[in-house]
1. What shape does the stretch B:169-255 take by its C-alpha gyration tensor, where a ≥ b ≥ c are the square roots of the eigenvalues and a/c under 1.5 counts as rounded, a/b above b/c as prolate, and the rest as oblate?
2. How much accessible surface area, in Å² rounded to 10, belongs to the heavy atoms of A:H151 with a 1.4 Å probe?
3. Dipole of the protein assembly as shown, Cα-centred, from +1 at each Lys and Arg C-beta and -1 at each Asp and Glu C-beta, to the nearest 20 debye?
4. What whole-number distance in Å separates the alpha-carbon centres of the stretch B:118-179 and the stretch B:227-255?
5. Which are the unpartnered cysteines of chain A, meaning those with no other cysteine Cβ under 4.7 Å from their Cβ?
6. Would you work out the Kirkwood radius for the protein assembly as shown? I mean one over the mean of 1/r across all pairs of different Cα atoms, in Å.
7. For a quick check: with amide H placed at 1.01 Å from N, whose amide H comes under 5 Å from A:F88's, ignoring anything fewer than 5 positions away on the same chain?
8. Helix B:127-142 versus the longest principal axis of chain B: what angle, 0 to 90°, nearest 10, using Cα atoms?
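The values are calculated or read from the model by the stated rules, or taken from the named source; none is laboratory data. Predicted model only: the values in this text are computed from it and were never measured. Using ideal geometry, Cβ is built from the backbone for each residue, glycine included, and neighbour counts are taken over all protein chains shown. For accessibility, only protein heavy atoms count, side chains too; no ligands or nucleic acids. Shrake-Rupley method; radii C 1.70, N 1.55, O 1.52, S 1.80 Å.
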Amino acid sequence: MLAIRTGQKVEFSEQSLQKVTEIINRYPEGKQKSALLPLLHLAQDEFGGWLSVEAMDYVARMLHIQPIEVYEVATFYSMYNLKPVGRFLLEVCQTGPCMIRGAEKLVSQLEEKLKIKNGETTTDGLFTLKTVECLAACGYAPMLQCGEHYHEFLDTEEKVDQLLDQLRRKAAANN
Amino acid sequence: MSRKILLDKIGIAGIETFPVYRSNGGYASVEKALKMQPADIVEEVKKSGLRGRGGAGFPTGLKWSFIDKKSGRPRYLVCNADESEPGTFKDRFLMEKLPHLVLEGMITASIALEANLSFIYVRGEFRWIIKILEKAIVEAKEAGFLGRNILGTGYNLEIVVQTGAGAYICGEETALIESLEGKRGNPRIKPPFPAVSGLYGNPTVVSNVESIAAVPWIVNNGGAEYAKIGVPKSSGTKLISACGNINNPGVYEIELGLPVKDFLFAPEWCGGMKNGKRLKAVVAGGSSVPILPAGLFLKTANGEDRLMSYESLADGGFATGTMLGSGGFIVYDEDQCIVRNTWNFTRFYHHESCGQCSPCREGTGWMERILHNIENGHGKMSDIDLLWDVQKKIEGNTICPLGDAAAWPVAAAIRHFRDEFEWHIKEPKECMVRNFGIAEPAIV
Ligand SMILES: Cc1cc2nc3c(=O)[nH]c(=O)nc-3n(C[C@H](O)[C@H](O)[C@H](O)COP(=O)(O)O)c2cc1C
Ligand code: FES
């Protein structure tokens with residue numbers, strides 16, 4: 001996947017910087033690279049839900065490692081987004097147990113309602129739809145993850161509508 | 001057959017908090033372990049017969065006894081909470097509902113291994129669980145069960161919650177260690193085994209959440225008592241996460257040796273097939289284990305009732321048996337297409353292959369394309385033998401067992417449902433018209 005440069009400087013807030021120190025201190029002396037995955041999560045949360053080249057380079061400097069060490073990790077793990085995503089990233093599990101309990105229907109309902117295809121973002125920038133692999137919620141299928149939350153048993157259109165409404169209201173309230 | 005030792009306190013209000021957990025007997029194993037010789041704790045775990053609950057079923061006590069204590073290098077315990085095997089959602093349940101049980105197990109296990117720094121590696125998607133665990137750690141520290149000079153004994157232990165970032169392969173113990181070092185999750189060549197050279201090149205034990213959660217009971221009650229639960233060679237209880245076309249999907253603690261028929265049809269467990277459908281097939285231990293058609297799942301090739309135990313599920317080898325695996329129990333009804341399911345699983349393994357070994361990297365992609373073709377009506381009869389050939393060339397030819405995990409589901413599907421593959425190739429649009437492998441007569 002191609003990494004994107006924004007040309008913009010990134011910097012953690014005071015609070016996040018504190019968190020960074022706390023995370024790095026968890027590991028034995030000289031093993032600060034262990035903080036890489038947690039720091040990339042922190043960066044992704046703080047810098048708009050994805051990792052630009054600038055964000056990755058920033059993390060590399062904090063850990064005193066080469067930028068390439070960050071790129072190779074960021075490209076390996078599926079949770080790091082290397083291009084911008086919508087305000088709400090809807091990650092629908094498509095693996096076997098979810099598939100046999102209606103995951104495909106859930107994806108097509110979302111595609112229809114949001115007027116986007118899997119992998120795309122709505123023009124208002126609110127939603128990105130993405131299929132992912134097993135999220136360890138197989139008994140509560142069909143399901144999707146949005147941010148910190150798992151939304152499970154999305155087996156009717158009403159529940160899907162409700163979820164989208166709830167997210168839209170949340171966005172409106174914060175704007 | 002419904003003894004509970006992991007989930008026995010699950011109904012108690014507030015059990016996820018330290019005071020309630022403690023007042024219900026929690027952390028007693030830490031007090032006891034601190035008065036024992038570490039080697040004696042390992043001995044009790046050995047005696048218990050506890051087998052690793054992460055999938056491979058290797059005896060936990062034996063694994064712990066391999067840890068190198070002689071070199072004097074720091075030792076680490078790593079609790080594997082990566083839980084990514086399709087069908088498996090039991091560790092999540094334990095951590096959500098009983099975070100202090102998991103911590104208690106980790107502390108007791110760390111005492112046994114004489115580790116002063118331990119990690120719990122949680123899959124990155126479980127963000128709320130990371131918070132639950134971090135809160136529990138703060139509570140345990142305040143109460144003196146973690147941190148410096150635990151309970152005044154001079155023993156120090158820190159537990160770090162480490163987050164993954166979306167990669168099934170990081171459940172494999174050496175990939176997990178790489179990831180914990182801040183790298184890509186590429187499994188290491190063994191030997192050396194982690195017990196000799198693991199995290200930061202130091203002796204390390206990686207154990208599954210559920211294995212670790214069984215330790216407090218074993219230390220409190222003795223390994224011999226634990227060994228009395230269940231059946232010989234499959235002692236104790238096991239969490240089974242049941243999903244698919246059943247009435248009651250969820251997480252259940254069963255005593256090993258429970259007849260599979262009871263587990264599948266009795267109301268206290270899966271509650272039978274949803275919508276009164278007939279049973280077609282079961283994947284008994286997570287997506288990696290061989291799928292069995294209804295008949296062979298319910299009874300072994302010798303006509304014996306199959307039990308939920310390591311031995312009984314494996315009876316007949318891969319020709320007619322399967323594995324208990326991680327306890328991810330996936331049930332398929334008569335409306336499910338085996339070709340489609342196999343394609344779906346193969347896509348999963350292709351996506352999750354780390355790419356180090358060419359048989360796995362190329363083979364999983366190749367199998368996915370063949371299965372995709374068959375599923376979409378472009379299959380040829382020769383594709384079935386080709387698939388068989390490709391999976392055979394992956395099996396056993398990779399650094400880590402992900403290759404096997406990708407090969408076995410394909411092999412089992414062809415072995416038991418070859419007629420369905422053939423029919424699918426001949427009549428792709430009518431794949432569900434004829435039923436293959438369904439339990440007759442219908443069991444309700
Ligand atoms: C591809 C792959 C994925 C695995 N995923 C997990 C997992 O998510 N959780 C787990 O505990 N073990 C997993 N394992 C097994 C671990 O390598 C290891 O055997 C286990 O954590 C040891 O703990 P146990 O002995 O308590 O089962 C996986 C193995 C492989 C090959
Ligand atoms: S298959 Fe969807 S959560 Fe496991």
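1. Numbers: a/c = 2.92, a/b = 1.47, b/c = 1.99.
Verdict is oblate for the stretch B:169-255.
2. About 30 Å², ignoring ligands and nucleic acids.
3. Values: 69 positive and 75 negative charges, 145 e Å.
Taking the Cα centre of the protein assembly as shown as origin, the dipole is about 700 debye.
4. 26
5. Result for chain A is A:C134, A:C146, no neighbouring Cys Cβ within the cutoff.
6. That comes to 25.1 Å for the protein assembly as shown.
7. A:F127, A:T128
8. On a 0 to 90 degree scale, this one is about 20.
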